[in-house]
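**Student:** Just passing along the structure, written as C-alpha cells.
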Amino acid sequence: TLKKDSHLLKSIGDEVELKTYKPINKQKEFSGILKAFDALTVTLEINKKEVSFNRSDIASIKLALDF
C-alpha cells in the first residue's frame with residue numbers, strides 16, 4: 001500500500017490500483033499509471049486520459065501486481 005509521499009514518488013510511472021470511499025461515475029476501483037501527486041490530488045493515466053482524484057476521496061493505493 002502506498003501511504004506516504006515517498007512511496008508515491010518511488011512509484012511514479014508504475015501501474016497502480018486505486019480505491020475510493022465513494023463511487024465516482026458508479027465506480028470505486030481504478031487502475032492506471034501513476035503520473036503525479038501533490039498535497040491534495042493524485043493523478044493517474046487511465047486509457048490514455050489523465051484523471052485526478054482528491055486525496056480525501058482515496059481509500060487506498062497499491063501497486064498493481066502482474067501474474
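**Student:** For the chain, just say rounded, prolate or oblate: build the C-alpha gyration tensor, square-root its eigenvalues into a ≥ b ≥ c, call rounded for a/c under 1.5, and beyond that prolate if a/b exceeds b/c, oblate if not.
**Tutor:** On the way: a/c = 1.34, a/b = 1.14, b/c = 1.17.
Rounded.
**Student:** Okay, helix-only estimate at 222 nm for the chain: each DSSP H run of n ≥ 4 adds -39500 (n - 2.57), divide by all residues, round to 500 deg cm²/dmol; what do you get? Numbers along the way, then the final one.
**Tutor:** Numbers: 1 runs with 6 residues, N = 67.
About -2000 deg cm²/dmol.
**Student:** At a 1.4 Å probe, what is the % contribution of carbon and sulfur to the accessible area of the chain?
**Tutor:** Details: 2450 of 4960 Å².
Of the solvent-accessible surface of the chain, carbon and sulfur hold 49 percent.
**Student:** With the contact rule set at Cα under 8 Å and sequence spacing of 6 or more, what percent relative contact order holds for the chain?
**Tutor:** Details: 116 pairs, mean separation 24.6, N = 67.
Relative contact order of the chain: 37 percent.
**Student:** With +1 on each Lys and Arg Cβ and -1 on each Asp and Glu Cβ, and nothing else charged, work out how big the dipole of the chain is about its Cα centre, in Debye to the nearest 20.
**Tutor:** 240 debye
**Student:** Okay, next question. Among the trypsin sites (Lys or Arg not before Pro) within the range 1-42, which fall in a DSSP loop and have no more than 15 other Cβ atoms within 10 Å of their own Cβ?
**Tutor:** Filter output for the range 1-42: K3, K4, K26.
**Student:** Charges on Cβ only, +1 for Lys and Arg, -1 for Asp and Glu, centred on the Cα centroid of the chain; of A36, N25, N47, which one is farthest towards the dipole's positive end?
**Tutor:** N25
**Student:** What number comes out for accessible area per residue over the chain if the probe is 1.4 Å? Units Å², please. Working shown, then result.
**Tutor:** On the way: 4960 Å² over 67 residues.
For the chain, the per-residue accessible area is 74 Å².
**Student:** Note the full-extension length gain between S56 and I24 as 0.36 nm times their separation in residues minus their Cα-Cα distance, in nm to one decimal.
**Tutor:** On the way: separation 32, 0.36 × 32 = 11.52 nm, distance 1.31 nm.
Gain on extension, S56 to I24, equals 10.2 nm.
The values are calculated or read from the model by the stated rules, or taken from the named source; none is laboratory data. Please read these numbers as outputs of a predicted model, since none were measured by experiment. A quick note on method: Cβ atoms are made from the backbone with ideal geometry, for glycine too, and the neighbour counts reach across all protein chains shown. We work out accessible area using only protein heavy atoms, side chains counted, and drop any ligands, DNA or RNA first. Shrake-Rupley method; radii C 1.70, N 1.55, O 1.52, S 1.80 Å.
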